[in-house]
Each structure stands twice: as C-alpha cells, then as structure tokens.
Amino acid sequence: MRRHQVNEYGFWAIGLHWLIALLIFGLLGLGFIMRRTAIDPALQFSLYQWHKSVGLVVLGLAALNGLHWLAARHPAPVPTLGPIERRASLATHLALALLCLVVPVAGWTVASTTPLNIPTFFFELVVIPPLPLGRSEAGEDFWSLVHASTAYLLLALAALHVAAALYHHFVRHDEVLLRMLGRKGPQGGNVRLASPAPQPAPREGRKQ
Ligand code: HEM
Ligand code: HEM
C-alpha cells in the first residue's frame, strides 16, 4: 500500500476522492432528473430510493475521508503555488469536504420531515430510521430548500475546483492534478509536460 509522503497523496486519499467525486456527480444528475421530470411514479419511487441509498453511502465515505484527513500525514502544497492560491485552495477544499457532509444530512432531514412518511430502504436491504424530527409540510419545504441549495452550491464549487485542476495541468504544467492521480513529478518542482528543458547554446568556435 502507498503511504503518505511529503509530496504525494496516499492510496486512501486518492481512492476516496475519486469515488466520492464520481458518486456526487451521479447524485446531482439523478436528483435533478427525479425531482424535475414527469416520470412513471413507480420509476420515480425507485429513483428516489437509489438517490437516498447512494447519498447515504456518500455521507459514510465523506465522514471516513474527514477522519482520514485528520489522522494521516498530509502532503504539503505544491511549491509553485503562491500564498493566495494556497489559501484559496485550502478554503475550497474545506468547503467541498464540509458540503459532502451537509448535503446528505440535509437530504436525510427531508426524508425525515416529509408528511408522506415514505421509508428509506437502503439498497432494499434495511430500512434507515428517520432522524428524530417532527413531520410537517413547512419542515419538508424548508429542508428541501436547504438540500437543493447546498447541493447546487456544491456543484458550483466543484466546477470551480475542476477548472482550477485543469488550469494547473494544462496551463501551469505543475503537479497539482498528477498528485491526485497518484503520479508524481520531480520532487517539489514543475512537471513540464510538453516542452523539453532548454539546452545551453554551443559556444562559438568551439569544436564538439
Ligand atoms: C451528496 C449527496 C447528495 C446530493 C449531491 C444530492 C443532490 C440532490 C439534488 C440535486 C436534488 C434535486 C434538488 C432540486 O432540484 O430540487 C435532490 C433531491 C432530493 N434528495 Fe438528495 N442529494 C444527496 C443526498 C441525499 C440523501 C442522503 C438523501 C436522503 C437520505 C436525499 C434525499 C433527497 C430527496 C428526498 C430529494 C427530493 C427533495 C424534494 O422533493 O424537494 N439526498 N438531491
Ligand atoms: C464533487 C466532486 C469533488 C469533490 C467534492 C472534491 C473534493 C476535493 C477535496 C476535499 C480535496 C482536498 C483533498 C485533501 O487535501 O486531502 C480535493 C483535492 C483535489 N481535487 Fe477534488 N473534488 C471533486 C472533484 C474533482 C475533480 C473532477 C477533479 C479533476 C478534474 C479534482 C481534482 C482535484 C485535485 C487535483 C486535488 C488536489 C489539489 C491539491 O493538491 O492542491 N477534484 N478535492
């Protein structure tokens, strides 16, 4: 197993990052479709159940990721980042990590406050108990608004985050994205992907 070193993310950090990212993009799409399109009620019920089950998996993985973040050694920021970039990236990462917890908890709260009283079947295996909250239409509307707005805020931040990762890779040619893909550039330096290192010009009149 790969271990955290100063300049790289470890196996668990990389695995959890990409798994959570994949599931979240799926949930955002599924949430939007199941909520806004007119579909057969049986299919809609099933989509809601899948959404809730996978959303609870994300909650578990995000909690695990948070614990891992606190416990494991963390790679230092890529040295080519300036002080403002370091602060901005730390703030974005913290906000993303926090939203990965807040969004599913708010979703669970919607399911727990709706007067429709529909059970949450976790992958048709067990029933997840509702949070101990009163059921009312006002409560459902409120938590539904919180769930939707935090979910779309997560989408906006993730888009910014992806744009930053692509900018670092294709414009700055540094190792920000490579580190999260488990690949490593030269310790602490830029990874020049396209252009070879410049060679010194031969001195005039000197025989090679
Ligand atoms: C990171 C995880 C999650 C994401 C990204 C997510 C995303 C979304 C999105 C985008 C919507 C549509 C909002 C709209 O357009 O109105 C939605 C709706 C919904 N989600 Fe989630 N969700 C997550 C986790 C959960 C969990 C864990 C549950 C419940 C256990 C849940 C229950 C619901 C319900 C009940 C709705 C429909 C709300 C309504 O009828 O207004 N979600 N979700
Ligand atoms: C909803 C989806 C995503 C979420 C919630 C998310 C969240 C995060 C978080 C919390 C970190 C900090 C990890 C740590 O410090 O241990 C991080 C790092 C990173 N993410 Fe994402 N991410 C998402 C999607 C993506 C995607 C699609 C890409 C690539 C295009 C990406 C590229 C990166 C990179 C390159 C880093 C490392 C940045 C650095 O070392 O400074 N992420 N992400």
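Bear in mind these aren't lab numbers, they're just calculated from the coordinates by the rules spelled out. Predicted, not measured: the structure shown is a model, and the values here were computed from it. Cβ coordinates were reconstructed from backbone atoms using ideal geometry, including for glycine residues, and neighbour counts include every protein chain displayed.
Along the charge dipole of the chain, Cβ charges K/R +1 and D/E -1, which of Leu23, Ala88, Val126 sits furthest on the positive end? Farthest towards the positive pole: Ala88.
Taken about its Cα centre, the chain carries a charge dipole of roughly 1200 debye when the Cβ of each Lys and Arg holds +1 and the Cβ of each Asp and Glu holds -1.
Estimated at 0.36 nm per residue, the fully extended path between Ser46 and Ala76 surpasses their Cα-Cα distance by 6.4 nm. Based on Cα contacts under 8 Å between residues 6+ apart, region 11-180 shows a relative contact order of 22 percent.
Within region 57-143, list the chymotrypsin sites (Phe, Trp or Tyr not before Pro) lying in a DSSP loop whose Cβ has at most 12 other Cβ atoms in a 10 Å radius. In loop regions of region 57-143 (DSSP not H, G, I, E or B), the sparsely surrounded chymotrypsin sites (Phe, Trp or Tyr not before Pro) are Phe123. The string of couplings for region 82-87 from the Karplus curve (6.51, -1.76, 1.60, θ = phi - 60°) is x, x, 5, 4, 5, 5 Hz, one whole number per residue in order, with x for Gly and Pro. For the chain, the longest piece that avoids every one of the GluC sites (Glu not before Pro) found in DSSP loops with at most 16 other C-beta atoms within 10 Å covers 1-123.
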